[in-house]
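Below is one structure, written out as structure tokens; the observations come after it.
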Amino acid sequence: MYIKWFVLLAVVARDCSSQDEDGPYRGKYIGKLNSYHHQVSGDVYAIDEWTLILVNFNYDGTGDDTFFWAGDAGRPGPQGFIVPDEHGKTNILERYYNQDVRLTLPEGKRISRIKWLAIYDIGSQNAFGDVYVPDEFEAPAPRTIGPLVGERAVSSETVQVADASTIIIPEFKYDGSGEEVYFWTGVGPQPSSRGIKIPDDYGYLEPLRAYKGEDVRLTLPGGRTVFDIKWISVYDVGTQRSLAAVLVPDALNVPPAPLALHPYRTNLPHCKQLHRDYQVSWEKFGNQITIELAAKIDANEYMGFGISGSDSKSQMLGADVAIAHYDPKMQRGLATDYNITAIAPCVQVLGQWRGVCRDDLLGGLDSNQVFSGEVQDGLTRISYRRVLKPFEELDREWLVDKPAYIVWSIGSLDHAGEPAFHRLHHVRDVALNLDQNPPVNDCFNFTVGSSTAPTPWEVAELFDPSLRVFTFRLGPAGGARGVAGRGKGGAPALAWYVNGQLAPDLQLRRGLKYSFKVYGGNNPHSATEYHPLIVTASAHGGLERLSDAEQRAVRVLAGVHYPRRGRIAPTAAGPLCIGRHPAGADRRRDDDYATFRAFNRTLQWDCANAAPAELLVAPNSSWPDIVYYNSFTHSGMGGRIFVVDRHRRNIAKRPASSTTYTAPLAISILATLAAMAAVALRR
């Protein structure tokens with residue numbers, strides 16, 4: 001009798017459990033494939049109502065007409081339907097060997113409404129293996145666990161567990177009054193100081209900002225799942241108290257996490273998690289320090305890390321940093337020594353280089369010795385060494401007798417391979433104890449999986465035939481939805497706003513004259529807000545960054561003066577009119593705006609009370625079909641100009657052949673025919 005009850009409880013427990021004791025959580029267990037022929041085997045889990053995963057699936061691939069096959073009544077037989085394979089195809093199955101196979105049911109089908117899944121040969125009407133879906137089966141789905149409850153400073157609607165690692169807090173409100181308040185999680189009956197931080201909705205591990213009724217999406221760090229925690233809290237580390245919390249029930253029937261653990265682990269003793277997607281580790285030895293940077297970045301992105309420009313806070317200006325990335329052409333990692341003298345790309349200001357500039361360009365030496373670098377499964381790792389006490393003026397000392405303030409960033413490389421404006425960076429002060437004993441290590445494992453970039457804002461088109469005057473002002477480049485989302489490489493901090501639009505496409509007609517009113521700043525002493533307007537056949541701009549020979553190789557159509565000696569000079573530098581984020585706004589949240597119109601409404605404009613510079617533009621038959629407006633000093637700030645014979649809507653979406661200017665070719669052909677006719681008449 002007791003044996004029967006024990007067996008029954010074991011079966012029930014296995015059916016209710018969503019956790020695979022021998023590996024990661026994969027969803028709700030359906031059962032093991034019954035094997036009849038062709039070496040079919042594997043375990044079957046439900047990910048959600050429409051998706052199955054076959055774990056360690058085997059099939060010898062020798063069936064003549066074999067498919068994944070499912071049905072909603074009786075046993076496997078001809079009354080069923082094909083389930084597309086892991087590629088979404090309905091091809092005859094090939095060989096599988098210990099593979100994890102993810103299957104999605106056809107439209108209109110649900111796991112709870114089918115009775116079985118089989119590996120089925122239609123020709124012979126034989127099932128080579130099958131599994132039966134239990135009666136009253138409930139597939140994994142998002143679950144609600146109640147609202148955050150606690151002090152009046154925090155509130156929310158009912159918290160949702162979207163999957164095993166994703167928490168959604170709807171209508172989250174927090175007044176931002178605490179100095180060390182974080183999203184926090186752990187085990188035990190109630191929140192305590194023994195918990196860990198949850199990165200915020202942007203992946204940062206810094207104290208929480210104020211929230212005003214926002215839907216916050218959190219991902220548990222380091223591959224943790226809701227089965228590893230007991231509560232989620234908004235926790236004040238400074239006072240060691242929970243401001244609000246919600247308990248997490250056991251054995252939630254939710255979909256598995258869409259992320260997998262990355263195998264990377266640092267071998268260095270000290271490690272600091274700077275962001276969910278970025279960590280630094282180090283080891284001190286004598287007067288040298290070995291540093292390893294690891295981050296989830298794209299192929300054209302860099303990791304910035306170094307000593308702050310201030311001994312009392314984390315400050316970019318004056319910082320001594322390494323710009324690290326992996327060069328696929330050279331097949332090696334780079335960690336180049338840079339000095340930050342202005343928050344701008346490296347540019348010549350009255351003959352002196354200012355901005356984020358390489359030490360060797362400023363007359364110094366590259367003090368970083370690269371050890372190794374690699375890219376594996378979306379994670380870039382660069383290891384390098386440098387001395388603690390510098391041998392030259394441009395380098396700053398790495399302090400070991402007290403906390404050393406550091407700076408960090410992640411951003412794109414521009415077309416020249418130089419660091420463009422960062423997309424991730426520190427906001428609060430970050431200090432490291434470089435020689436702490438025992439070593440400090442708060443790093444967690446990276447996770448990998450698919451991610452979706454924000455949809456870029458639509459590029460405006462100014463094509464009205466009556467437009468003869470265009471006004472150029474400066475404003476923020478708009479983050480990943482703005483200029484950076486147009487696939488042009490590294491995005492700048494600022495971009496041109498033309499007639500109120502962010503770097504729009506323009507249409508100019510050959511033979512007409514146009515007036516460009518320029519408010520780009522006329523102070524040549526500024527590395528950040530001096531932007532004379534130019535029109536070139538090159539897409540990039542930034543001529544002031546080029547050598548004399550490189551400058552003269554660029555075809556400039558308007559906006560510069562060519563002196564007999566020396567470098568070319570800009571002619572369209574007007575007073576400054578610039579749109580800025582409101583005081584206290586976080587530009588990291590630019591991607592939250594679904595449209596440019598909504599983003600533009602938040603900007604505050606600061607314009608000098610002075611007449612603009614005027615650049616007269618007169619396209620002619622020698623101009624290419626597409627030219628570009630840009631800044632003389634910085635690259636990537638502008639957009640395209642379509643040079644046409646008649647104005648057309650949506651010209652940017654037409655194939656290249658439809659926008660080709662053929663008048664010069666036609667004139668050439670006519671001239672040739674006329675010459676041939678004249679020769680014939682003389683004969």
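FYI, it's all coordinate maths here, none of it is from the lab. What you see is a predicted model; the values in this text were computed from it and never measured. Here the Cβ positions follow ideal geometry from the backbone for every residue, glycine too, while neighbour counts run over all protein chains shown.
Numerical summary
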item	result
Filter on Lys28/Lys272; Lys28/Lys115; Lys296/Lys389; Lys28/Lys109; Lys173/Lys230; Lys89/Lys296 - keep pairs with C-alpha separation over 26 Å	Lys28/Lys272; Lys296/Lys389; Lys89/Lys296
Cubic angstrom per residue, convex hull over Cα atoms of the stretch 198-345	211
Tilt relative to the chain, helix 663-682 - C-alpha long axis, 0 to 90 degrees, to 10	50
Under the Debye formula (equal points on every Cα, no solvent term), log10 I(q)/I(0) of the stretch 324-404 at q = 0.15, 0.22, 0.23 Å⁻¹	-0.69, -1.08, -1.11
Dipole moment magnitude, nearest 20 debye, the chain about Cα centre, only Lys, Arg, Asp, Glu C-beta charged	2840
Helix-derived mean residue ellipticity, 222 nm - over the chain, DSSP H n ≥ 4, -39500 (n - 2.57), to 500	-2000 deg cm²/dmol
The stretch 270-448: C-alpha pair distances exceeding 25 Å, %	27
Unit charges at the beta carbon, dipole of the chain: most positive-side option, Asn98, Tyr628, Leu220	Tyr628
Residue (of Thr602, Val554, Ala573) at the positive-pole extreme of the stretch 537-606, dipole from beta-carbon charges	Val554
Share of pairwise Cα separations in the stretch 461-659, more than 25 Å, in percent	36
Relative packing of 541-550, 313-322, which averages over residues the other C-beta atoms within 10 Å, highest first	313-322, 541-550
Inverse mean reciprocal Cα-Cα distance (Kirkwood Rh) of the stretch 253-332, Å	15.2
FRET efficiency estimate (nearest 0.05) - Cβ-Cβ, Ser35 to Ala141, R0 41 angstrom	0.85
Dipole magnitude of the stretch 311-411, debye to nearest 20 (Cβ charges: Lys/Arg +1, Asp/Glu -1, about Cα centre)	180
Dimensionless Rg ratio for the stretch 143-247, taking C-alpha atoms and the 2.2 N^0.38 Å reference	0.94
Highest average packing first - 180-187, 86-93, Cβ atoms within 10 Å	180-187, 86-93
Listed residue (Thr66, Ile53, Gln160) projecting farthest to the positive dipole end of the stretch 48-196, Cβ model	Gln160
Share of Cα-Cα pairs in the chain lying beyond 38 Å, as whole percent	52
Pair Arg589, Asp366: separation of 7 Å Cα→Cβ label points (nm)	4.0
